1. Got at least one residue in region 133-143 being within 17 Å of the chain's Cα centre (by Cα) and surrounded by 16 or more Cβ atoms within 10 Å (Cβ to Cβ)?
2. Exactly one condition in (1) among the charged types (D, E, K, R); (2) surrounded by fewer than 19 Cβ atoms within 10 Å (Cβ to Cβ); (3) in contact (Cβ under 8 Å) with a residue 24 or more places away in the chain is false for residue 92; which is it?
3. Test residue 62 against the criterion of being assigned by TED's automatic domain parsing to the domain that holds residue 306, more than 17 Å from residue 187 (Cβ to Cβ), hydrophobic (A, V, I, L, M, F, W, C) and in contact with a Ser or Thr (Cβ under 6 Å, 6 or more places away or on another chain), and give yes or no.
4. Considering each of 395, 328 in turn, give the residue that is farther than 30 Å from residue 94 by Cα and free of Cβ contacts under 8 Å to residues at least 12 places away in the same chain.
5. Could you tell me how many of the residues in region 58-75 are under 11 Å from the mean Cα position of the chain (by Cα) and either near the ligand (Cβ under 6 Å from one of its atoms) or within 28 Å of residue 151 (Cα to Cα) (or both)?
6. Could you say whether any residue in region 27-44 is at pLDDT below 95 and closer than 30 Å to residue 234 by Cβ?
7. So residue 78 passes all but one of these: (1) more than 9 Å from the ligand (Cβ to nearest atom); (2) within 27 Å of residue 156 (Cα to Cα); (3) crowded, with 23+ Cβ neighbours inside 10 Å; (4) of a type in the set (A, V, I, L, M). Which condition number does it fail?
8. Can you spot a residue in region 338-355 that is within 13 Å of the ligand (Cβ to nearest atom), crowded, with 22+ Cβ neighbours inside 10 Å, more than 27 Å from residue 51 (Cβ to Cβ) and not hydrophobic (A, V, I, L, M, F, W, C)?
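The values are calculated or read from the model by the stated rules, or taken from the named source; none is laboratory data. The shown structure was predicted, so the numbers you read here are calculated from the model rather than taken from an experiment. Cβ placement follows ideal geometry from the backbone for every residue including glycine, while neighbour counts extend to all protein chains displayed.
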Amino acid sequence: MTEYLPQDNNENSLWGETAVAGPESEALSESLQADVLVVGGGYTGLSAALHLAVKGVSVVLLEARSIGFGGSGRNAGLVNAGIWKTPNDVQKLLGPDNAERFNLALRDSPALVFDLVERFKLQCQAERCGTVHVAHKAGAMAYLEDRCQQLQNLGAAVQLIDGDQAHAISGSPLYRHGGILDPGAGTIHPLSYARSLANAAIGEGVRLFQQSGIESLTRHNDRWLAKTGNGEVSAEQVIVAINAYADGESTRVRESTLPVFIFHCATPPLPAEIAASIIPQRHGLWDTDSLLTSSRIDAEGRLVMSSPGRLHGFQRRPRENWMMRKRDRLYPQLKGTPWAYQWSGQIGVTSTKILRVQLLAPGLFAPAGYNGRGIGVGTVMGKQLADTIASGNRDDFPFPIEALHREKWSKLRAAYYDYGTLALEFIGSRG
Ligand SMILES: Cc1cc2nc3c(=O)[nH]c(=O)nc-3n(C[C@H](O)[C@H](O)[C@H](O)COP(=O)(O)OP(=O)(O)OC[C@H]3O[C@@H](n4cnc5c(N)ncnc54)[C@H](O)[C@@H]3O)c2cc1C
């Protein structure tokens, strides 16, 4: 495990404090058989397990820590469509045929998330209130206009908004240039989404174990055998859904992405009249600034903001202060309000900024590298893997399947990201 990962979800995390209860499963202590073993209790693994179980496939899910310990319990909760790259970028990298399947599969990812919420009555404060990619300066609109056009060409129901609309949606005097509104997107409580997906999966028959990290994964007589400290699971196929939180030496998934951090700060619940003046219709926002910042209001009226960087050691105080200065410029009515919560998490970044589905060996799938856009992507990925495994037919799988990829110089490049964001914060605070 990367040494600076926090050891649990309660790193003064808003989500850790306010989430619904998760399943009370025991650690694995026996020998089990399953059609499919899912390793990792984040959105990818949970969605895969749930969709497989609904199809009558027998599934065991093993989570090393607790459900939502990884990115799925720490993120900003913005349920967005697609990925960071534009549809045309995807086309350049994957070619026209692969790109079309890829882009279409992720175009409607918020619909899958909100459908699951409704179908399984997931308790996760889901609000399909729309999200806005907002311009932080007039010069950013050319990029957003082009991006919006590409999304519309794909059939996405997004629309360009002008400066007055951006101002009205955000309540910020600085967001007054325009943006892209996606009315079908929205927000969730991320850890509650993960935990309630787990509860739903158990309800459909998934045998789920926490505190059960796999320590080895070997092939015997055409089946996979995964061993934990006290038990083992034999399965025909395995989905290794451990992504940026890959732990243990049994897989090399961690080498396939760069570990990059994002941190959050959240206020206490705001007085009603102030909360009503900031993002009044509860959209999720993220801006075009080089130090991208997202903002949203949670169900109890707290402002939650995020930006790249980690809150480790000496970095913590300067980042919190930087975020407070940025917040006070964006929402001046909050001057003097302290932060009540601070936490961080790690995303898996790929050089291409496009996710990877790696086939490590026959029957051993390892998706990774969602580049910080994983609520919709992870949920779709889990469903698509479930459909493919259950049908035994890969023809309709919308993502290219490749061999294990290794990012070169990953530690060095991750440090460059980390100190680069600190430097940009420092330069910004002097400007
Ligand atoms: C701070 C932050 C903000 C983000 N904001 C957003 C956002 O607003 N919108 C969005 O769409 N995405 C966002 N993301 C990205 C999104 O959270 C992730 O892409 C997504 O949660 C990944 O889900 P996953 O299931 O693939 O992996 P994870 O949620 O990381 O789950 C992997 C799990 O595998 C477990 N595991 C690891 N090794 C083992 C082992 N050996 N045995 C068993 N289990 C193991 C881990 O404990 C972990 O629980 C953000 C991410 C972070 C960190």
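1. Yes, region 133-143 contains a residue that is within 17 Å of the chain's Cα centre (by Cα) and surrounded by 16 or more Cβ atoms within 10 Å (Cβ to Cβ).
2. (3)
3. yes
4. Residue meeting the stated conditions: 328.
5. Final tally of qualifying residues: 5.
6. Within region 27-44 (the criterion being at pLDDT below 95 and closer than 30 Å to residue 234 by Cβ), the answer is no, since none of the residues qualifies.
7. Result: residue 78 fails condition (1) only.
8. Yes, because at least one residue in region 338-355 is within 13 Å of the ligand (Cβ to nearest atom), crowded, with 22+ Cβ neighbours inside 10 Å, more than 27 Å from residue 51 (Cβ to Cβ) and not hydrophobic (A, V, I, L, M, F, W, C).
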